[in-house]
Structures are given as C-alpha cells and as structure tokens.
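This report concerns only the one structure given below.
The values are calculated or read from the model by the stated rules, or taken from the named source; none is laboratory data. These numbers were taken from a predicted model, which means no experiment stands behind them. FYI the Cβ positions are ideal-geometry reconstructions off the backbone, even for glycines, and counts take in every protein chain you see.
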Amino acid sequence: MAVNYKKSAEQILEAIGGEANISSATHCVTRLRLVLQDESQVDTKALEELDVVKGTFSANGQFQIILGNGVVDKVYKELMALTGREEQSKDDVKEAAAKKGNPLQRAIKVLADVFIPILPAIVTAGLLMGLNNVLTGTDIFYDNASIIDVHPQWTDFADIINVIASTAFTFLPALIGWSAVKRFGGSPLLGIVLGLILVNPALLSAWDYGNAREAGEIPVWNLFGLEIQKLGYQGQVLPVFVASIILAKIEVFLRKRIPDSFHLLTVAPIALLVTSFITFIAVGPITFAIGNGIADGFIWLFDTIPAIAGFLYGIIYGPLVITGMHHTFLAVDLQLTSGDAGGTFLWPILALSNIAQGSAAFAMYFVLKNKNLKGLASTSGLSAWLGITEPALFGVNLRFRFPFLAAIISSGFAGMFISMQNVLAHTVGVGGVPGIFVIQPGSWGAFAIGMGIVILLPFIATLLYGKIRNPKSLHE
Ligand SMILES: OC[C@H]1O[C@H](O[C@H]2O[C@H](CO)[C@@H](O)[C@H](O)[C@H]2O)[C@H](O)[C@@H](O)[C@@H]1O
C-alpha cells in the first residue's frame, strides 16, 4: 500500500508532542533527527506503532526516528510544511544539540565534530592501504613471498596505490587543521595551511624523531639564544588540534577589530605567523609529548596486561558509543598508527564490538514477533556489521537489555583473545566485517577467530535467552 506521507508526518508530529516541542529538525539517509524541548513528551509507543516508523532512539541530544531510505525525505518535507519551518542542515541540528549537555559532554562533542568530517578520508585511505597490504604482504597467497614478489609486473601498481593510500595519513595535520579551524569559527583554508606548515618537508619528520634523538641530531632553530626544535608533526593529532583552536581564536579576534578593507593584508598573515611561532616554540613540543605519552600509556597497558586490557576495551566500547565518547579514541588510534607500535591494537576491538552489536540485533529478528521491530532488528544488524551501530544499539539491543549485555560480554572475550594475539590494524578502516581489510596480514587468522566469537556468541546467547527465558522486557 502506498504511504500517505502527509498523514505519517501528522501522526509523528502528534506523537512527539507537537510543533512546540521541536527545537530543530533535519534528516539523514534513513532517520529523522530532531532536537526536542522535552523528550519526555514523546509517546514512543504510539510512534513505534506507526507502520512507517522502524524504530526510535535518543543519542547525543537528538531524538532519532528511523523511517528508511526514500521515505524519510518525503516525511521530513511534509513535517516542514505542517510546521511552517525552514529545512535545516544536519549541522544546524547538531549545533542545537551541542548546546545541550554538561561541559564534559560538550567537550566530547567538540572532538567528535572535528574528527567525524575527516573520517571518510581516513577510512578510504585505510581501505586502499588494505589493498596494498594484500599485494605486498608475504605468506598470504604464497609461502614466504608476496603477490608482487611472484608477479613483479604488479610492483609499481602497488606502489601507486601506496602513494594514494598514505597521503591522508602523511598530511593528517592538514585534514585536522581544516576541520578544527572550521569548527572553531575560523577559515578552513587557513587550517589546511597551518596543518601543511606542521608537515613541511623542511622540518625533521616526526617519524624520524626517535632515531634523530638517539643520535643526538635533532635540528634546531636559534631565536636570539632560544633553541627551538625544527620538528614536523607527521601523523600527530594533538599539536595541530590545539594550534587550530589558537588560530581560529586569533582570526576571529582580528576580524572583529580590523576594518574589512585590511582583512586580506593583515588577518591571515598575523594569525598564521603568531599561531605558527607559538606552536613551534611551545604548543607543538608540549602536545607532542602529551600525545606520545597517552599512546605510550595504552601501549604499556596492552603489553603488560593484554588479556585484561583487551577484555575491558571490548566491554566498554559499546557503552562508549552510547555516550558518543568513542570518537575520542579515534585520536588515540591515529596516534598509535603513526608511532612505534606499528599499528593500532584498539581499532580491531572496535571492529569486533560493532559486529557483536550487529549479531545480537540479528538474533532479535528471530526472537521478536512485532513486524516493525523485526525489520529494525535486521536492518540495524546489517548496519552494525558495516560499522554503524547506533540503530542496533538504541533501536533494539538497549531497549531489550539482554542483547546489549550479550554483545558487550562477547566483545570483551573477543577483545581479550585478539589482544593476547597482538592483533594490529595498519590504520583505521571501515568498522564491522569489512574491518578485516586493514588488519595486518599476519594477524588475519587471529582476527578471524575474534570475528567468529562476536558473530556466534552474541547471536546464540541472545537467541537462547530470548526464546528460553522469554524475559519481561520482551513484553513491556
Ligand atoms: O572510529 C573509527 C570508526 O568510526 C565509525 O564508527 C564508530 O562511530 C560510529 C558512529 O558514531 C558508530 O556507529 C560505530 O559503532 C563506531 O565504531 C565508522 O563507522 C567506522 O567505519 C570507523 O572505523
């Protein structure tokens, strides 16, 4: 039967407490994303009884209604027409949501705002790097040899892929600079330039810093007696992040005070000059040490007590996604991939945690009777297997609790196993099942066992508990 989008919009509006309860509204590919004055006014039951609604959840200050691809945009248009509102971008709504919450939540939100926009570039680079690994890794298809060893005509092909793949990581500070300066109200172009300054080939590469320090050969500038290390910040996150905040603040400050006609001549040169000097002299070395210190702390933990550390990270990653704090760890992943660890041991656990949430949601497909919920369980399970877990988490697993518990405990065991096997990812890739492409080839076997654990354990545990115990939450 054809959907009456206008009627659906009216019913949704009534169930969320009417027009007066909407602070702002937008939509993504599948979900209406609303910032509401008061979420307690929402009649979730009435909402979820609507045929068009596949599920609802609240995350990071937004109340989200899952409608599905091709439906959500039409219902949104009707909703805007009904309420006489202008259509809003996701950024507008995120901004409204950001004003809600305590200082810690807002700080975490800032990190997410900076890192989420650069994620597609990093994830793409990760996938291509995976392809390069398949071509150049030994013992994948041949004993003691790689594809390019056996078929040398593919060597340059692999090399070109490597150049393409490594660019986003080599110039990571430029990506972060673009995103962070934009987030703090400055000109994104200046952010890119700032990031590029920090990886200028005239500086000692951060990747060569360790060797240069051991050899006592770190180049320095001498500024009227003050020695400053001539150090680049390749692959570093914190130096450019803090520098970008400074740059944006200086730029905004100058723009307000200098007449428009002098902007071109003064604002960018002063902002870049002051920020770069502050960064080379103080911010860079301090944040470089802090960033490496944080990474070393994680490395120490996973070296010393791999089973416990892996178990804990596997357990807490799901709850971290609920709070939105998980994006903070992206910074740690990036730091680890650029350092001595040779890769990140955290990211493989993230990928397994995503799969675990998906498997639990898939099991709920067989446990639930309601048609809409069954649909939500299967679509959200697939989404989690492809790296996006919020629909499964909020739409299914948390609502019934036991699938969520089954998923996080299984993810803990899988995290324990792969940490004991020292599984590393070259870089950050697409989470969930495609995650295997960025795992270092030598760790594929152990990672595959981890995948087996998070595919089977949450599925079987959820299914058995749901069918045999038939818990109260299924009937609430
Ligand atoms: O941190 C890198 C990963 O970031 C995304 O996944 C994480 O954020 C998602 C959105 O909040 C969340 O649904 C998922 O559970 C998190 O792991 C991205 O989808 C991954 O591909 C990426 O590796």
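Counting the residues of the range 310-328 that are modelled with pLDDT under 90 and out of contact with any helix residue (DSSP H, G or I) (no Cβ under 7 Å at 6 or more places or on another chain) gives 1. Only one entry of 165, 180 meets the criterion of being crowded, with 21+ Cβ neighbours inside 10 Å, within 20 Å of residue 332 (Cβ to Cβ) and more than 14 Å from the ligand (Cβ to nearest atom), and that entry is 180.
This table checks each residue for (1) within 16 Å of the ligand (Cβ to nearest atom); (2) small (Gly, Ala, Ser); (3) surrounded by fewer than 24 Cβ atoms within 10 Å (Cβ to Cβ).
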position: 421; (1), (2), (3): no, no, yes
position: 428; (1), (2), (3): yes, no, no
position: 431; (1), (2), (3): yes, yes, yes
position: 435; (1), (2), (3): yes, yes, no
position: 446; (1), (2), (3): no, yes, yes
position: 449; (1), (2), (3): no, no, yes
position: 458; (1), (2), (3): yes, no, no
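Residues that are within 34 Å of the chain's Cα centre (by Cα) and among the aliphatic types (A, V, I, L, M) within the range 457-476 comprise 457, 460, 461, 463, 464, 474, listed in sequence order. The condition of being surrounded by 15 or more Cβ atoms within 10 Å (Cβ to Cβ) and within 27 Å of residue 431 (Cα to Cα) holds for only one of 367, 267, that being 367. Selection of the range 216-239 for residues being surrounded by 14 or more Cβ atoms within 10 Å (Cβ to Cβ), hydrophobic (A, V, I, L, M, F, W, C) and modelled with pLDDT of 90 or more yields 218, 228, 231, 238. As a summary of the residue check, residue 453 satisfies the conditions (1) touching a residue at least 60 places away in the same chain (Cβ under 8 Å); (2) within 16 Å of the ligand (Cβ to nearest atom) except for the one numbered (2). In the range 351-393, the residue that is modelled with the highest pLDDT out of those that are near the ligand (Cβ under 10 Å from one of its atoms) and touching a strand residue (DSSP E or B) at 6+ places or on another chain (Cβ under 9 Å) is 351. Scanning the range 177-200 for residues that are outside any loop (DSSP other than H, G, I, E, B), under 14 Å from residue 114 (Cα atoms), out of contact with any Phe, Trp or Tyr (no Cβ under 8 Å at 6 or more places or on another chain) and not aromatic (Phe, Trp, Tyr) returns 177, 181, 182, 183. Of the residues in the range 261-270, not one is without any contact (Cβ under 8 Å) to a residue 60 or more places away in the chain, under 28 Å from the mean Cα position of the chain (by Cα), in a helix (DSSP H, G or I) and over 19 Å from residue 193 (Cβ atoms).
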